[in-house]
Structures are given as structure tokens and as C-alpha cells.
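Below: the structure, in C-alpha cells.
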Amino acid sequence: MPVETPSDNSQRAANARALVRGARTAALSTLLANDGAPYGSMVLSATCPDASPVLLLSKLAVHTQNLLHDPRATLLYDAASSLNDPLTGARLSLVGCIRPIPAEATTACRTRFLARHPSAAAYVDFADFSFYRLAPDRAHLVAGFGQINWIEGADMLLSQEQWAALAEAESDILAHMNCDHADSVALYAHKLLGQAAGPWQMVGCDPEGCDLELAGTLVRLPFTAMICTPGQVRQELVRFSQLARTDNPL
């Protein structure tokens, strides 16, 4: 039997985080407050800087009432629905507890959520809406036939040393790229990721990649290695720009 190594576990966790980071929605499973029966719903999803999921939920929603009664929940992230054979694609069940984020700690998560879901700005300040975070206990990753593994919750998250500097600089990075280098952002999506040409926007940047969006389509541009400083991000984006301008970047 093959012996698993720390690098195997690290790569699985990175693959799992990529699913979470790249998703705009997730299937949320909670327990009904009246009888404990499972209840499923769809929610908009973004991530906190450490890669934990952040949700914007209304207290009037059934799933939120369930969570306030019992915070245990699962978020299912699916990257397989567009495939001819969906069962060959990757999906992740993230199991943990979902609780409100304290108001004083919402700034970074709020900014990241609204960049990914700008329509939420119409109701984010309604009295019944609040931000919630899932603290993962464990994750079940199905990455294809025979590639099925459990991942410890602690391995799913980045340390503060890995994300803090980029979280502080993220808004400046996005503004700089979208205002001064919009042509490069469009080339990333079109030339490097095979997407349709258009005015793509960079809507997120974290230690493992950037998120690009156009008309509701979200794609992820992964970095070649973990990047923890704004200077390293600049170097990587310059390299991507040079690559995108070659004859055959894909």
C-alpha cells in the first residue's frame, strides 16, 4: 500500500482550497431547528483571507434559523456540473460549524464578498443580514475516480503569516490592476485560461492565486507557488503578462 507523505496531504489541501476559492455558490446543508432533519439550500460563497468560507445570510432564512439553533453544517462545492460525466469531476464537502462573524472583524471578508458578488451591495446593510464564517472540522475531497480523501480542517486554512500582508494590500492590488493594467487582466483570462475575450476584472487576490470575473463568470488564475507579499504578487503578475503575450501561452 502506498505511504502517504506530508506533501500529498499539502497538495490535497491546496486542491480543496482551490475549489472553495473558485466557487461563487455552494450547497448548504443544515439541520432543521424543529426536528433535526437535513435541509439543503444554495448560498453565495466567498472566502476570508485564510480560505475559510464566508456567507452573507439573512436571519429570516430557514438555513440561518437552523444555524442559530445548531451551527453544525456542510458546504458542498462542485466543479463538475458542466462536465459531460459530472461524476468524473472534483467536488468538496466541507464540514464544520457556521457562526456569525463579529462586526468588528467583518471588514476584509465584506470587501472580498462584495468584490465577488457586487449585487449583494443592494442588501448587505439590511438589518437582518450578517456575515457568517464556516470553521472547518474536516473536508471530504473527491478529485476523480479513486481519488477520494479526508482532509483535516486545520490543513484547509492558511496561517496568518501566509495571508496577512496580502489581505492588507489586496484592495490596492485590485485597483492597480483593473485601472492601470486592464489589458493584462483581460489577457490572463483569454490567453492563459482560454476564456472569451472581454473586459475582465480582477476581483480577488490571495496567496494561491487571483480571481477574474466577467458578466457573472468567475475563473481562477493559480499562482505557481504560495505567494505571501505584494512584491511577490507583482513579480508573478508581470510573468503572467509576459507569458500571455507570447504566441502560444496555453
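The values are calculated or read from the model by the stated rules, or taken from the named source; none is laboratory data. These numbers were taken from a predicted model, which means no experiment stands behind them. A quick note on method: Cβ atoms are made from the backbone with ideal geometry, for glycine too, and the neighbour counts reach across all protein chains shown.
A few points about this structure:
- Residue-level analysis places Pro136 among those that are surrounded by 14 or more Cβ atoms within 10 Å (Cβ to Cβ) and assigned by TED's automatic domain parsing to the domain that holds Thr107.
- Filter result for the condition that a residue is crowded, with 17+ Cβ neighbours inside 10 Å and over 21 Å from Leu166 (Cβ atoms), over Leu192, Leu214, Leu243, Leu221: Leu214
- Selection status of Ala154, exposed (fewer than 15 other Cβ atoms within 10 Å of the Cβ) and at pLDDT below 95: yes
- With respect to the stated conditions, Leu237 fails to be touching a residue at least 12 places away in the same chain (Cβ under 8 Å), surrounded by 17 or more Cβ atoms within 10 Å (Cβ to Cβ) and assigned to a strand (DSSP E or B).
- Considering the stretch 24-78, the residues that are part of a loop (DSSP other than H, G, I, E, B) and aliphatic (A, V, I, L, M) include one that is nearest to Gly204 (Cα to Cα), namely Ala51.
- Here the stretch 204-232 is the region considered, the condition is being in contact (Cβ under 8 Å) with a residue 40 or more places away in the chain and over 20 Å from Cys109 (Cα atoms), and the residue that is farthest from the chain's Cα centre (by Cα) is Met226.
- A Cβ distance below 6 Å, combined with a sequence gap of six or more or placement on separate chains, defines the contacts here; from the stretch 54-80, residues that are β-branched (Val, Ile, Thr) reach residues that are in a loop (DSSP other than H, G, I, E, B) in the pairs Val54/Cys48.
- Selected residue (only one of Thr111, Thr74, Thr107, Thr64 is in contact with a helix residue (DSSP H, G or I) (Cβ under 7 Å, 6 or more places away or on another chain), in the same structural domain as Gly144 (by TED's automatic domain parsing) and of a type in the set (Val, Ile, Thr)): Thr111
- Counting only residues that are touching a strand residue (DSSP E or B) at 6+ places or on another chain (Cβ under 8 Å), part of a loop (DSSP other than H, G, I, E, B) and more than 21 Å from His117 (Cβ to Cβ), the stretch 197-234 holds 1 of them.
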